1. In a solvent-free Debye calculation with one equal scatterer on each Cα, what is log10 I(q)/I(0) for segment 115-296 at q = 0.09, 0.11, 0.15, 0.16 Å⁻¹, listed in the order of the q values?
2. For the chain, with equal point scatterers placed on the C-alpha atoms only and solvent neglected, what are the log10 I(q)/I(0) values from the Debye formula at q = 0.10 1/Å, to two decimals?
3. Quickly rank 94-107, 180-193 as a protection proxy: mean count of other C-beta atoms within 10 Å, highest first.
4. Regarding segment 1-154, what is the average projected area of its C-alpha convex hull, in nm²?
5. How would Asp199, Asp238, Asp232 rank on accessible area, largest to smallest, probe 1.4 Å?
6. Within segment 185-209, which residues have the backbone N less than 14 Å from the label spot 7 Å out from Arg263 along Cα→beta-carbon, could you tell me?
7. Convex hull over the Cα atoms of segment 70-116, averaged projected area in nm²?
8. Under a point-charge model restricted to the Cβ atoms of Lys and Arg (+1) and Asp and Glu (-1), what is the dipole moment magnitude of segment 183-254 relative to its Cα centre, in debye to the nearest 20?
Amino acid sequence: MEVLWLSRGDVASLGVTMVEAMAEVERGFRLKGQGKVEMPAKIGVHTRPDCFLHAMPCFVSGEVDVSGLKWVGGYPPNQAKGLPYITGIYCLNDCETGFPLSVMDASWLTALRTGAATGVCARHLAAPGAEVAGMVGLGVQARTSLLALREALPNLRRVQVYDLFPSQTGRFVADQEPLLPGVELVPCLEAEAAVREADVTVTCVPIVTDPKRFIPAAWLKPDALAISVDYDAAYCEDVMAGLFVCDDREQYLWTQEHGVYFRGYPGAEGIYGDMGDLCAGKTPPAREGRRGAVLMGIALDDALVGSLLYRRARERGVGKTLEL
Ligand SMILES: NC(=O)c1ccc[n+]([C@@H]2O[C@H](COP(=O)([O-])OP(=O)(O)OC[C@H]3O[C@@H](n4cnc5c(N)ncnc54)[C@H](O)[C@@H]3O)[C@@H](O)[C@H]2O)c1
């Protein structure tokens, strides 16, 4: 038995684009809406305060027939040590035999599929013609989320950006500007300035067990789409009190019930639909009024994009074959 080991460099070298990742994530959501996905809620251990190691298994049946597991860590103190917040590995399995096919770096995969989910969400919920975005928390996930917003919002012309650390803001603008011709990046000194007047806002700050939520609805346009990539760390409850969407209804409710997250956020009766419902056409897109979306990041996203990376690596002979 052999597995294909794909390092971070291998995975990044495959050149999978955001457009491709968004297509995979959207397909995954659609299959979920059609009842073809087995995906228990993440379970985890917490080795230090506010840190997590999550296990994220998933099986997508039907025409896709993909299964795998991500073992991923998120450690806020890593930033001060110059280390990435998110690290992990992804294991892809053969659905017929259960054999592991590949083990790959999951940090790049996570960033790619997280951004892709933001883009797919914006595609279904942003106002047509949305021109201004606001981003708060300018690390790894914000970078890919912005690339995906660019794909989802053809009229995007201005992005207001804020990070607690101005040096992060400076790095973000310097890295991202060359990738986004025609889009003005506006560094902001306050979170409020970044989200005010924005048609779509995205927050990507560290998830913590006792969040000091700091973005109230009063700062947002009345018809803004507010996307959370960071659970409930940044948006106050009232932001989510209008039309509310999550990426997976069952997992969101399970997490709300069993953990410390999403206190004061909508319960079952307050969910308009999840991304599966929207992408399968069971729930119509909603493009007016206050809209809030919590994208927890689900194992489905990893399975679809991880499988694409594996197939591309096989085609191109990338990676190292190891004996089990
Ligand atoms: N939903 C998903 O699919 C998904 C996937 C991966 C990571 N995440 C979450 O996304 C968040 C960001 O992850 P990352 O990998 O980009 O981390 P990162 O460390 O690369 O970036 C986080 C950024 O937030 C900034 N920040 C911290 N506190 C802030 C505050 N109060 N206001 C503004 N900025 C602040 C930091 O300076 C840093 O630049 C984390 O909460 C992580 O758990 C979500």
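1. Ignoring solvent entirely, the Cα scatterers give -0.27, -0.41, -0.78, -0.89.
2. For the chain at q = 0.10 Å⁻¹, log10 I(q)/I(0) is -0.53.
3. 94-107, 180-193
4. About 10.9 nm², averaged over all directions.
5. Accessible-area ranking of Asp199, Asp238, Asp232, largest first: Asp238, Asp199, Asp232.
6. Backbone N within reach: 208-209.
7. 3.8
8. It works out to roughly 100 debye.
The values are calculated or read from the model by the stated rules, or taken from the named source; none is laboratory data. Given the structure is predicted, the values throughout are model-derived calculations rather than measurements. Note: ideal-geometry Cβ built from the backbone for every residue, glycine included; neighbour counts use all protein chains shown. To get the accessible areas, we keep the full protein, side chains included, count just its heavy atoms, and leave off ligands, DNA and RNA. Shrake-Rupley method; radii C 1.70, N 1.55, O 1.52, S 1.80 Å.
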